Amino acid sequence: MRRLAVLFFVALMAGCASYGNEIDQSQVERIVKGETTETEVRSMLGSPMSVGISSEGKKYYMYVYTRSQVKASSFIPVVGLVAGGADTNTQTLQVWFDESGVVSSYAYNNTDQEIKTGIF
């Protein structure tokens with residue numbers, strides 16, 4: 001019985017994965033176009049996943065977070081083949097800055113998805 005409990009715990013832990021740092025929506029709401037600076041954005045949200053330059057020459061920060069939780073039914077023999085899958089949450093934030101390092105625009109997206117891996 002103990003061995004079965006250990007196997008269940010290992011399977012449960014293997015069923016979750018994340019990438020990046022979670023984006024705090026309350027911090028995003030504090031960003032003000034024309035006022036918030038690069039330094040303030042980094043202070044609120046930490047280091048961005050990537051930094052780039054748009055085709056218009058504007059600097060931008062990209063923040064990305066993804067978390068995926070495998071459904072328990074995926075671990076059940078036979079049932080997992082039919083009804084397996086995962087629930088995934090993805091957050092993205094892109095912040096553009098003007099030449100003086102002040103936020104000129106930003107876009108935040110929070111998406112929940114159900115990924116089905118079963119036959120149906």
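The values are calculated or read from the model by the stated rules, or taken from the named source; none is laboratory data. Here the structure is a predicted model, which is why all the values come from computation and not from measurement. For neighbour counting, all protein chains shown are included, and Cβ atoms are generated from backbone atoms with ideal geometry for every residue, glycine included.
Just one of the numbered conditions (1) touching an Asp or Glu at 6+ places or on another chain (Cβ under 9 Å); (2) assigned to a strand (DSSP E or B); (3) at pLDDT below 95 is not true of GLY57; which one?
(2)
Can you work out which of the residues in segment 105-119 that are surrounded by fewer than 16 Cβ atoms within 10 Å (Cβ to Cβ) and either hydrophobic (A, V, I, L, M, F, W, C) or at pLDDT 90 or above (or both) is nearest to GLU38 (Cα to Cα)? Give the steps one after another, and end with the answer.
Taking segment 105-119 as the starting set, the residues that turn out to be surrounded by fewer than 16 Cβ atoms within 10 Å (Cβ to Cβ) are 105, 107-119.
Then drop every residue that is not either hydrophobic (A, V, I, L, M, F, W, C) or at pLDDT 90 or above (or both), which leaves 105, 107-111, 115, 119.
Details: SER105: 12, ALA107: 15, TYR108: 16, ASN109: 20, ASN110: 22, THR111: 25, ILE115: 36, ILE119: 47 Å.
Out of the qualifying residues, it is SER105.
If I go through segment 61-73 residue by residue, how many of them are in contact with a Gly (Cβ under 6 Å, 6 or more places away or on another chain), at pLDDT below 85 and assigned to a strand (DSSP E or B)?
Within segment 61-73, residues that are in contact with a Gly (Cβ under 6 Å, 6 or more places away or on another chain), at pLDDT below 85 and assigned to a strand (DSSP E or B) number 1.
Quick check on segment 23-72: of everything there that is of a type in the set (Ser, Thr, Tyr) and surrounded by 14 or more Cβ atoms within 10 Å (Cβ to Cβ), which residue is farthest from TYR106 (Cα to Cα)?
The first filter runs over segment 23-72 and keeps only residues of a type in the set (Ser, Thr, Tyr), leaving 26, 36-37, 39, 43, 47, 50, 54-55, 60-61, 63, 65-66, 68.
If we keep only those that are surrounded by 14 or more Cβ atoms within 10 Å (Cβ to Cβ) as well, we get 36, 60-61, 63, 65-66, 68.
Working: THR36: 11, TYR60: 9, TYR61: 9, TYR63: 11, TYR65: 16, THR66: 19, SER68: 25 Å.
Among them, the one singled out is SER68.
Does at least one position in segment 74-93 carry a residue that is modelled with pLDDT of 95 or more, more than 16 Å from ALA17 (Cα to Cα), crowded, with 16+ Cβ neighbours inside 10 Å and touching an Asp or Glu at 6+ places or on another chain (Cβ under 9 Å)?
No, every residue in segment 74-93 fails to be modelled with pLDDT of 95 or more, more than 16 Å from ALA17 (Cα to Cα), crowded, with 16+ Cβ neighbours inside 10 Å and touching an Asp or Glu at 6+ places or on another chain (Cβ under 9 Å).
For segment 1-22, give me each residue that is modelled with pLDDT of 80 or more and either touching a Cys at 6+ places or on another chain (Cβ under 8 Å) or surrounded by 13 or more Cβ atoms within 10 Å (Cβ to Cβ) (or both).
GLY20, ASN21
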